[in-house]
Every structure is written in C-alpha cells, then in structure tokens.
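The numbers here are math on the coordinates, done by the rules we state, and not lab data. Treat the numbers as computed from the prediction; the structure is a model and nothing was measured. Reconstructed Cβ throughout: ideal geometry from the backbone, glycine too, with neighbour counts over all protein chains shown.
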Amino acid sequence: MTSVAEQRQDHTAQQRLLEGWLPLAQEANLRYGWGLDAAGLEALILGAAPALQRVRSTFEAYAILWSSYSHAQRTRTSP
Amino acid sequence: MTHPTGGTKRSSWLTFRRRLLLVRTLLRSAATSADLVAAINAELGDQGYPAAASAALKHDFDALKGEYGCLIRYDRRTRCYVLDDLGELALLDLPDPCMEALAFLDASFPAGSGLPEHAHIRALLERVRLLLPPARQAQLRRQRPAMRLGVGAGARPIDPQVLDLVKRACEQRRELAFDYLSSFDLDTPRRHRVAPYGVTFRPEGHGYLDATLLEVTPRAGEPIHAAIDYRLDRIVPGSLEILPTVLPPERIPPPRYTLRYRLAPQVARRRDVASYFPETQITYHADGSATVTATVSNLWQTRQVLLRYGDGCTVLEPAELVALFAQTAHGLSAIYAPQREHGR
C-alpha cells in the first residue's frame, strides 16, 4: 500500500516524464501518421518509458515508440 | 622453475617489465602497496608478485631509485607511494614547436585559477612535464612565451560537489534541481528545475551550465523552455539534486527568435562584421552601416554579446530583446545622466 506522499511523488515523476518526451512522441505521431490524441500519446510514452530511458539517440527513441505503438495495436486487434 | 634459494626465478626481462609497470601505475596516480601489487598481478598474472610481496616490492623500488634515478616517496598520511621524478626513465621528448605549445598552455592555464583546475588541465601539464628529461623541464621553466590565452582568473571558485553533480547529470541525461541566486534575486535563491546539457567556461573565467528551464519557484518572468546559462558559482552548494527523470536524447527545443540589428558606420564600414549567432546574414549599406539578421534562443546572452557595440548597435527585433535593451539603457542612464548634468 502506498502513502499519499508516495502517490503524489509518482504522479510528479510521471508528469515530468511526459513533459520531457511528449514533443518527440508527437513528432513520431505526425511522422508515422498514427493519429493519436493527447491521452493516446501519454499512454504510448508511459508504456515505452523503461526502454526510452536507455536510448542513446533520437533514432533509437523513434524505433522504441514505433515498436511500442505496433505492439499496442496488435494487442487491441487480437481477440 | 624454482630457484635453489627458494624464490621464483624471473628473467631479467620480466623484472624490467614489472618495474616499468610499477612506474606506469604510479604515473596514473599515487598508490598504496596493495594497489601496486594488484595492478602488477592483473597485468602479469602468475608472473607478477608472490603472495608475500612487500620485500619484492621494496627491492623493485630500490632498483628504480638506484638504477634509474627515480624519485619515489612514501606519503605516511595517505599511505601511498608517490612518483616525484622519473629520473632516467623520462623518455618523452618533444620538438621545439611542441615545447613552445606546452609553455603556451602552461602560461595560459596557471595553477590555482578556476578553469585549469576544473578541467584538470594543470594535472595534465604536470604529468607531461614529469615525462620530460630534466634538461627539457628546465627549458620549460625558463621559457617565457610571447603568446598566451586570455582566460580570466578572478572568477569565484566553483564548489567541487556542484561541478561533479552537474557533470554527472549531463552525462546521465537526467533532470537537475538546485537553488540559484541570479543577478535579479536580492538575497533569497529560487529553486530551478532544468534539463542540463553541458558546461562552458567563458574567457572571463566563469563556468556556466547550459540548461533548458523546466520550472522555477517562485516564477519571475523567465520563459519556460528558455535556454539559460547558469553561473556555476551561483548555484547554492548542497542544494543540487539529480532527479530520476531521464531526458530525451535531443534537446527540448528552446523558443527561437529572429534577431535583427543595425550596426552604425563606425562599426561596420570595414565590412568585416563578426558573425556571433547561428544563421547570421549581413547586408552592408552604402552609408557604411550594416543590417544583421540571425536566429537566437538565449536573449540574455544575445544582449551581453551586442552590448560590446555600445551605441553603435540598434536592436530592431525581437521585441523582447528591444525591451531588455531599453531596460539596460534606462539603468545606464540612471547611473550616468546625473553625473553628466552635474558636470555642466
């Protein structure tokens, strides 16, 4: 069970993560024509966060986002 | 093979190699006897020192001192061996132009000043000097270089822990938070959260953290996502915190401004105006003046650069920079106008 303070800390960390990565995710969204809205972009970033933190280049970050997006699409369409 | 006296027989080549390794290890840094034995054994494996190595180590030190004139001393405080002089093992020599370059660096980055210490330039120069034969070392001491780089030495010292954490945050690409006392804060520092990108030392001797502002508490008009140069000596020691958030590889794009300024004929008539900013384009006019356009992201820094022209420069855009100049002009007027009137 997490305390209120811990939950707030998690929320702040999440907000900061989104703040940093949203411009790049939005760029990928436009580049690949995914048509994701703000909530979709946030979900994409949060899903890919562990891998994104290890990337060394923008190209690598795009590849991670693309893979994460494809995985989410497959999961959604599978019965 | 076992020697009749009970010790392990090593060829003279192996002995020589071991002693060179000792010197090499000590050149890297002062070391304890355990460190030295470990370094030698890591390189030579079972041909290194035996289990009880102190006698063999002492024998090697004596040989290095006696045969090659090396000066190795034991520092009781740190319990480390220190190499003070290589003696005959000072094998590096340099052509005269390189000696001149060494003297240039020596004069340009004197001991005790900020930048040379922080960038470890003094440590490098001392190591290179140590590798030179005595005659060349003496030549270096005598040399009075005609050229030197004008790096300011009067800057306030930077807290080593501040510099260490800033460098670490840049390397790990992580957000950084700290208390900062800017020129506009009277006596209470404000908390800044930034995306750090690197450290720059400017000719006047100050070190700056190049960062993108993410949050400042309380706010005082700084635009969020602006590129800001934070003076490292104004970051409050002990207040730095490397945050867990990892930043994207590419910098968060700062607001970009189209810069346009006009330079008066007394500055531009020789048609050799410097390009200080990215995407600079210069148009020279028939009356000797010039109009310069460029793209900038740091208005504060832009103002500092353009102030060197004094009243020979008129900023035309962006409006934010014009406002900054108006503020500066107002301040300067408040300082000097009364004196002028008084002198009449």
So for region B:246-328, averaging the separation of alpha carbon pairs under 8 Å that are six or more residues apart and normalising by length, what relative contact order in percent results? 35
Against the 2.2 N^0.38 Å rule of thumb, the C-alpha Rg of region B:146-296 sits at a ratio of 1.27
Can you give me the P(r) profile for the protein assembly as shown? Cα pairs, bins 10 angstrom wide beginning at 0, each as a whole percent. 4, 14, 17, 19, 18, 15, 9, 3, 1, 0, 0
Which of B:GLY207, B:GLN327, B:ALA290, positive extreme of dipole for the protein assembly as shown (C-beta unit charges): B:GLY207
Rounded to the nearest 20 Debye, what is the dipole magnitude of the protein assembly as shown about its Cα centre when Lys and Arg each give +1 and Asp and Glu each give -1 at the C-beta? 800
Of all chymotrypsin sites (Phe, Trp or Tyr not before Pro) in region B:161-254, which ones are in loop regions per DSSP and have a Cβ with at most 11 other Cβ atoms within 10 Å? B:PHE184
In deg cm²/dmol and to the nearest 500, what is the mean residue ellipticity at 222 nm of the protein assembly as shown if only DSSP H runs of at least 4 residues count, each as -39500 (n - 2.57), divided by the residue total? -15000 deg cm²/dmol
For region A:4-77, just the Cα atoms, rotate onto the principal axes and tell me the three extents in Å, largest first. 38, 30, 18
Scattering profile of region B:160-246 from the Debye formula, Cα beads only, expressed as log10 I(q)/I(0) at q = 0.22, 0.25 Å⁻¹, is -1.09, -1.42
Over 39 Å apart: what share of the alpha carbon pairs of chain B falls there, rounded to a whole percent? 41
Mean projected area (nm²) from the convex hull of Cα positions in region B:257-339 is 5.6
Debye sum, Cα scatterers, region B:96-142, no solvent: what log₁₀ I/I(0) at q = 0.21, 0.30 1/Å? -0.68, -1.16
What percent do you get for the relative contact order of region A:4-77 when only Cα pairs under 8 Å and 6+ apart count? 29
Expressed as a rounded percentage, what relative contact order does region B:66-208 have, with Cα pairs under 8 Å and six or more residues apart? 20
Just going by the charge dipole of the protein assembly as shown, with Lys and Arg at +1 and Asp and Glu at -1 on Cβ, which of B:GLY221, B:LEU83, A:TYR69 is farthest out on the positive end? B:LEU83
Using only Cα atoms, figure out Rg for region B:118-162 and give it as a multiple of 2.2 N^0.38 Å. 1.53
